[in-house]
1. Give me the percent of accessible area attributable to carbon and sulfur for the chain, probe 1.4 angstrom.
2. Let me have the relative contact order for the range 298-364, percent, based on Cα pairs under 8 Å that are six or more residues apart.
3. With +1 assigned to the C-beta of every Lys and Arg and -1 to the C-beta of every Asp and Glu, and no other charges, what is the dipole magnitude of the chain about the Cα centre in debye, to the nearest 20?
4. Which one of His222, Pro268, Asn200 is farthest out on the positive end of the charge dipole of the range 167-279, using unit charges on Cβ (Lys, Arg +1; Asp, Glu -1) and the Cα centre as origin?
5. When the Cα centres of the range 253-278 and the range 164-196 are compared, how far apart do they sit, in Å?
6. To the nearest 20 Debye, how big is the dipole of the range 216-293 about its Cα centre, given +1 on the beta carbon of each Lys and Arg and -1 on that of each Asp and Glu?
7. Check cross-link reach from Lys9 to the lysines: straight Cα distance under 28 Å, and skip same-chain residues fewer than eight apart.
8. Once phi is turned into θ = phi - 60°, what whole-Hz ³J(HN,Hα) does the Karplus curve with 6.51, -1.76 and 1.60 give for every residue of the range 324-339, x standing for Gly and Pro?
Amino acid sequence: MAIPFLDLKRVNAAHDEAIRAGIARVIDSGWYVLGEEVAAFEREFAAYCEARHCIGVADGLDALALILKAYGITSGDEVLVPSNTFIATWLAVSQAGATPVPVEPDPRTHNIDPARLEAAITPRTRAIMPVHLYGQPADMAPLLEVARRHGLKVIEDAAQAHGARYRGRRAGSLGDAAGFSFYPGKNLGALGDGGAITTNDDALAAKLRLLRNYGSTVKYRHELAGVNSRLDEMQAAVLRAKLPALDAENEARRRVAAAYLEALQGLPLRLPEVVEGAEPVWHLMVVATDRRAAVQAALTEAGIGHLVHYPIACHQQQAYAGHSWPPLPIAEALQHQVLSLPIAPYMTGEDVRRVAGVIRKALA
């Protein structure tokens, strides 16, 4: 029997009644943009993330770019970013007009290495943008110490980390602000694109509410040169339907991840390591091996879904071909080694054992 990488129909079926009720509320309300569903979701998600404010926006990329713009980070400024991440982290910096400065990851976690930050800071550095990659929080304590010492903003890319904790605090409340994505495959996924910003900075939140809505709070009066980046009422209703179950679904993911870590022990694989104080939500289960092609072939033959996150490092993408980058050997090695295995709240121990058995045979 096939094991898909992620079956979104099955994920959303668990919330079918609540999702349909939410969509019906929106249809019946007659108000489809920046209405009560968005306002209610913003209150609920802010509380969930233990932050004072949540501002719903169109997607995760906009969330990060708008934070940078709201802080006045622009041309001539630099933002430290992981060398190993989805390109949206870098694109947000570029959209703000600033320059992304890559910092290599810790090979154990694939997250940005706090020990490498100081060497990358220049007089033009304005912010650090750590990514909670694969749903594991970055090692924030030493990172925040560096940032505070140098007067830098810390903007979390929490697109993969809905519900994760670091030293008891939720992702989204660890830095000055955070950007989330609600792309359908996320732990908290909409039925289309969506995003949000969380922050405890009152002035930043007020400015972001202007920026996302044409720079306006009163119709036809525009205080800033803003954009149109608003979380949709329908998607807010879907997210409200799914949010109450997020912790339980994340706990199910943790059980699946624990089963993988046990079943894959002793194989020539590098398994994910968790930093002290972190509580991942396992958006992805990523292993690393120099024999990736053989494992992929075996999984494909067995009908088991798998992906590579990410096959081309950001600095090697054509979008950044015109820039001169320092040597980034860790990111360049990871792109040839990483392999994402199927993980979802509905998976069973038997599913994990089957995947592990195929991998074990391929590496024998």
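1. Numbers: 8260 of 15310 Å².
Carbon and sulfur atoms account for 54 percent of the accessible area of the chain.
2. Numbers: 38 pairs, mean separation 32.7, N = 67.
For the range 298-364, the relative contact order is 49 percent.
3. Details: 37 positive and 40 negative charges, 15 e Å.
With Lys and Arg at +1 and Asp and Glu at -1, about 80 debye.
4. His222
5. What the calculation gives is 22 Å, centre to centre.
6. On the way: 11 positive and 11 negative charges, 67 e Å.
Using Cβ point charges on Lys, Arg, Asp and Glu, the range 216-293 gives about 320 debye.
7. Lys186, Lys242
8. 9, 10, x, x, 10, x, 5, 4, 5, 6, 4, 4, 9, 10, 6, 8
The values are calculated or read from the model by the stated rules, or taken from the named source; none is laboratory data. Since this is a predicted model, take the numbers as computed values, not measurements. Cβ: placed from backbone, ideal geometry, glycine included. Neighbour counts: every protein chain shown. SASA here: full protein model, heavy atoms, side chains in, ligands and nucleic acids out. Shrake-Rupley method; radii C 1.70, N 1.55, O 1.52, S 1.80 Å.
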